[in-house]
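Below is one structure; the comments refer to it alone.
The values are calculated or read from the model by the stated rules, or taken from the named source; none is laboratory data. Remember, it's a predicted structure, so these values are computed and weren't measured experimentally. Please note: Cβ atoms are built from the backbone with ideal geometry, for glycine as well, and neighbour counts cover all protein chains shown.
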Amino acid sequence: MKNTYTVEILDFDTIDILPNAWNDQNYIDLLNALDFGDISALKPSELKEMTMMALADNELNEAAKVLLDYIFEERLNEGQKDNLTYEMQDEKMWEEYAEISMHEEFFNIGQLLYQSYNGKFPHPDAAQFQLKISAKKKTDLEIFNTETETNLMRLMTQGMPPNTLINRLYKEELQGEDFEEAENIIWQLKEVATEENSITFDVISSMYWFHDLKFVEGFEAILEVE
């Protein structure tokens, strides 16, 4: 069975810092890793600034290595991390790295390095947008109760050009094959409103995937349901 949905893009913004990317404990851990010294007198409001200053006291590749060690630990070997410390100075690894499940973490690393070095690393740009999905019947929205990211991907790409990156790379997955990467492409997802026949989501991902939605206002899409 096929259900038809009306999709409205309510808001679309470019952001360079993800919500909840870093917390106070992260900054404390990084300051310790950077041998900052006694941090007991620092106020919570000072932790980020001090972390950025401590990072900036190092060479670019050395600061990148500290962050890679902290975030990825043993998920990357030493050789991979050493190579990345140089690649990250010119390339957006949150778009280029082969393992998509690491992209959000690479974005957060890139954001902190970009701020710490006043733009000597690539500028991070992510897409944050809200989409309202309306259906003829309330029960038609139940498809979003499970495999939410997969169903959203299949819905959103119908409003994007046929040659957009996602449509080209994931043609089979969008047509019904298992779409394991959907949860990694959508970095953060939040249901923000539910009405009788509609549901609204807040989505955050790389601009790399969703820039074609920026100028889309609304469209109709069809999803297969069992």
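Residues of segment 156-190 that are of a type in the set (Gly, Ala, Ser) and either farther than 17 Å from PHE219 by Cα or not assigned by TED's automatic domain parsing to the domain that holds GLU217 (or both): GLY176, ALA182. Please find, among GLU91, GLU59, the residue that is among the charged types (D, E, K, R) and under 27 Å from GLY37 (Cα atoms). On inspection, the qualifying residue turns out to be GLU59. If LEU68 passes every condition in (1) of a type outside the set (S, T, N, Q); (2) in the same structural domain as PHE219 (by TED's automatic domain parsing); (3) touching a Lys or Arg at 6+ places or on another chain (Cβ under 6 Å) but one, which one does it miss? Condition not satisfied by LEU68: (2). When LYS190 is tested against the conditions (1) within 26 Å of PHE106 (Cα to Cα); (2) surrounded by 13 or more Cβ atoms within 10 Å (Cβ to Cβ), the lone failure is (2). Of all the numbered requirements in (1) more than 12 Å from the chain's Cα centre (by Cα); (2) part of a helix (DSSP H, G or I); (3) under 22 Å from PHE179 (Cα atoms), ALA98 misses one, and that requirement is (2).
Being touching a residue at least 40 places away in the same chain (Cβ under 8 Å), out of contact with any Lys or Arg (no Cβ under 8 Å at 6 or more places or on another chain) and within 20 Å of LEU113 (Cα to Cα) holds for only one residue in LEU34, LEU30, LEU60, and it is LEU30. Of the set (1) farther than 16 Å from PRO124 by Cα; (2) free of Cβ contacts under 8 Å to residues at least 60 places away in the same chain, all apply to MET93 but (1). Going by the structure shown, is LYS132 more than 22 Å from GLU99 (Cα to Cα) and either in contact with a strand residue (DSSP E or B) (Cβ under 6 Å, 6 or more places away or on another chain) or at pLDDT 95 or above (or both)? It is true that LYS132 is more than 22 Å from GLU99 (Cα to Cα) and either in contact with a strand residue (DSSP E or B) (Cβ under 6 Å, 6 or more places away or on another chain) or at pLDDT 95 or above (or both). Checked against the criterion of being surrounded by fewer than 18 Cβ atoms within 10 Å (Cβ to Cβ), touching a residue at least 60 places away in the same chain (Cβ under 8 Å) and under 17 Å from the mean Cα position of the chain (by Cα), segment 142-150 contains not a single residue that satisfies it. A count restricted to segment 184-203 and to residues that are more than 10 Å from GLU149 (Cα to Cα), of a type in the set (A, V, I, L, M) and in contact with an Asp or Glu (Cβ under 8 Å, 6 or more places away or on another chain) stands at 2. Number of residues in segment 86-113 that are surrounded by fewer than 19 Cβ atoms within 10 Å (Cβ to Cβ) and touching a Lys or Arg at 6+ places or on another chain (Cβ under 8 Å): the value is 2.
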